[in-house]
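*Asks:* One structure follows; several queries about it will come next.
The values are calculated or read from the model by the stated rules, or taken from the named source; none is laboratory data. Predicted, not measured: the structure shown is a model, and the values here were computed from it. Ideal geometry is used to build each Cβ from the backbone, glycine not excepted, and the neighbour counts take in all protein chains shown. Just so you know, the surface numbers come from the protein's heavy atoms only, side chains and all, with ligands and any DNA or RNA stripped out. Shrake-Rupley method; radii C 1.70, N 1.55, O 1.52, S 1.80 Å.
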Amino acid sequence: MSAPDFSHDGIRTARGTAFRYLFMICALLSILTTVAILLTLLVDAVDFFRIVSPVEFLTGTQWSPTNEPVSFGVLPLISGTLIITIGSAMVALPIGLLTAIYLSEYASERRRAYLKPALEVLAGVPTVVYGYFALVYVTPVLDTFLPLSTFNALSASIMVGIMIIPMVSSISEDAMSAVPDSLRQASYGLGATKFTVSTSVVVPAALSGIFSSFILALSRAIGETMIVAIAAGQTPRMVDLTDPAGMFLNSIQPMTSAMVQIGTGDIVGQGAAYKSLFAVGLTLFVITFAMNLVSELIASRYREVYR
Amino acid sequence: MAADTSDDSAASGFGQISRSKDVAFRLLALAATLIGIVSLAALLLNVAIDAVGWLDWGFLTNPPHPNPNEAGFLPALVGSIAIMLLIALITFPVGVGAAVYLEEYANDGYLTRFIQLNIANLAGVPSVVYGLLGLGLFVGLLNIGYGSVLAAAFTIALLILPIVIISAQEAIRAVPDSQRQASYGMGATKWQTIRNVVLPRAMPGIMTGTILALGRAIGETAPLIMIAAPTTVFGIPNSLLSKVSAMPLQIYNWASYPQTEFQYGVVAAGVVTLLVVLLTINSIAIIIRNRYQQRT
């Protein structure tokens, strides 16, 4: 391969090699994206931490980036995110798990062919539409029997929950379908009913896949932006464990909603409020990335067991 | 399916209980399956009823207006479609290229597994974070303008790229290996095999995945807010660098108006328009998928 090879075969090989590297660059672009996300977040977040100490950011209980007295404690925002996550988990995890059991164990082939795409529609609806639904239709209905504020965590949680149902159900169903049929047959052979087989054999056997779907769905709920920005309001407040009802009935502000508020504000330039956007973004990124990673690792482990 | 015990009456009693428990559980699971679908259908019905009278030709061809009767959707509609076309131009070649590399060229080493894990993780990064990436990289570093068509397209293209790659990989993986072997047997090179055998066979699947991803792109709002796309634009974008709005952004803006005419009229019309466009896109994907399935 010392002299350039201009034979027909040589050109063919060279072209093949050129495409190989071109495609490799495309694949490497994904790693570049991750690096770019980290760098853009870090550069401005580090600037922010020169103005506000990380300790103050991570332990402060007041979030008020633009109004005097300015303060940048991220805990109220994390509280808000936690409330939405817990609320949507209470909706999506049981419903998603039951859906997965139904689809994998009970539904006929034909029914599954209708129900699965119908469920996938839930994840395909733009989140801004869900936010609007929550604000304009769900809140007024709930308001007739609950003391709700116009903006509240409850309607937002319900909507986020509905949005993430398909993430729980489809991954859990995959995990349940991967459970070998011999386990089910063995259980039936012992005289078990379908209920027992589903809950005592299939679900425990698919547990790692189910867990991984839960984590992934919760990570999605943590990062969900438009529903909470429209319907949950903009009142950063700390979790008050003594008043769980009040937490859900009143306006809160998760991390993502705070980012939208700063993003739509007139904050241009290099002030601390603008930079705080990147610090909050970094916090959000680290939390969701870690959760996605854990979910992926758990899922790949269960894949190895049954293949 | 009663448990096998020696005592007959106990056995039937036990069987009765466990059978009714079985039926109850079956119904509970079915109900859970339907909850999401039914509530979405109810909400969609509500919004469709509210949109009646507001969704007319004037709405589709007018620019936004503070008076609800004259408010229109045209700049947002055109903006969304312009952004989407650009996203398709960016993500399709890059996504397919990456998928071809991972499925056909890469060997199963640490680097490949790392890339794969990274792609899976990128698919789960919140869209608002991609917005910050767009703000820092495209608007800040490369200076292609706050809220421009190009900045919006690049930002959302990066957001849906992992989805395009993953679905293209699945389509390529579904091409039977025997066809590759046949091509090699004819003396074809790897690239010729990919171009003449693998890609044509995988193309319907790749198209379906890409179109579905574009459907997701058209609904993205948070990244546009982060790159400071204006929520209300009165004209149609006339260059890649002009400021652009998009349907979901306009909906977000209108939803914050306090008047009922906006809350239950104009926004509903916007939501219906957005969903109709989305539905059209998804049906195209389904048609491609069905035609492909019939052929094989």
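*Asks:* Only Lys, Arg, Asp and Glu count, each charged at its Cβ (+1, +1, -1, -1), so figure out the dipole size of chain B about its Cα centre, rounded to 20 debye.
*Replies:* 820
*Asks:* Please list the helices of chain A that count as membrane-span-like by this rule: a mean Kyte-Doolittle hydropathy of at least 1.0 together with Cα atoms stretching 27 Å or more along the helix axis, each helix being a complete DSSP H run.
*Replies:* Length and hydropathy pass: A:8-51, A:75-101, A:153-177.
*Asks:* Taking just the alpha carbons, could you work out the radius of gyration and Dmax for chain B, both in angstroms?
*Replies:* Using the Cα atoms of chain B, the pair Rg, Dmax is 25.2, 84 Å.
*Asks:* Taking all protein chains as present, what is the carbon and sulfur share of the accessible area of chain A, in % to the nearest whole number, probe 1.4 Å?
*Replies:* On the way: 8830 of 13420 Å².
Carbon with sulfur: 66 percent of the solvent-accessible area.
*Asks:* Something else: Tell me, which residues of the stretch A:190-227 get at least 30 Å² less accessible area when the other protein chains come in, versus the chain alone (1.4 Å probe)?
*Replies:* A:Gly191, A:Thr193, A:Phe195, A:Arg220, A:Thr225, A:Met226
*Asks:* Given axes a ≥ b ≥ c from the Cα gyration tensor, I'd like to know whether chain A is rounded (a/c under 1.5), prolate (a/b larger than b/c) or oblate.
*Replies:* Working: a/c = 2.20, a/b = 1.08, b/c = 2.03.
Since a/c reaches 1.5 but b/c is at least a/b, the shape of chain A is classed as oblate.
*Asks:* On average, how much accessible surface per residue is there in the stretch B:28-163, in Å², for a 1.4 Å probe, leaving out ligands, DNA and RNA?
*Replies:* Per residue, the stretch B:28-163 has an accessible area of 39 Å².
*Asks:* Roughly what percent of Cα-Cα pairs across the protein assembly as shown reach past 35 Å?
*Replies:* That tail contains 44 percent of the Cα-Cα pairs.
*Asks:* Tally up the carbon and sulfur contribution to the accessible surface of chain B as a whole percent, 1.4 Å probe, everything protein left in place.
*Replies:* 65
*Asks:* Given a 1.4 Å probe, how much area per residue of the stretch A:31-78 is accessible, in Å²?
*Replies:* Result: 53 Å² of accessible area for each residue.
*Asks:* Starting from the Cα of B:Lys243, draw a straight line to each of the lysines and keep only those under 24 Å, dropping any in the same chain fewer than 8 residues away.
*Replies:* Straight-distance partners of B:Lys243: A:Lys275.
*Asks:* With a cut-off of 8 Å between alpha carbons and a minimum separation of six or more residues, what is the relative contact order of chain A in percent?
*Replies:* 26
*Asks:* Would you list, by chain and number, the lysines whose Cα falls below 25 Å from the Cα of A:Lys116, excluding same-chain residues fewer than 8 positions away?
*Replies:* Cα-Cα hits under 25 Å: A:Lys194.
*Asks:* Here is a follow-up. Could you work out the helix-only [θ] at 222 nm for the protein assembly as shown, with each DSSP H run of four or more residues adding -39,500 (n - 2.57) and the total divided by the number of residues, to the nearest 500 deg cm²/dmol? Don't jump to the answer; show the numbers that get you there.
*Replies:* Values: 25 runs with 411 residues, N = 603.
-22500 deg cm²/dmol, from helical runs alone.
*Asks:* With charges set only on the Cβ (+1 for Lys and Arg, -1 for Asp and Glu), what does the dipole of the protein assembly as shown come to about its Cα centre, in debye to the nearest 20?
*Replies:* So the magnitude is around 1480 debye.
*Asks:* Another question about this same structure. How many angstrom separate the Cα center of the stretch B:61-75 from the Cα center of the stretch B:207-275?
*Replies:* 13
*Asks:* Ballpark to the nearest 100 Å², how much total accessible area do A and B bury together, probe 1.4 Å?
*Replies:* Values: alone 16740 and 16540 Å², together 26540 Å².
Using a 1.4 Å probe on protein heavy atoms, the buried area is about 6700 Å².
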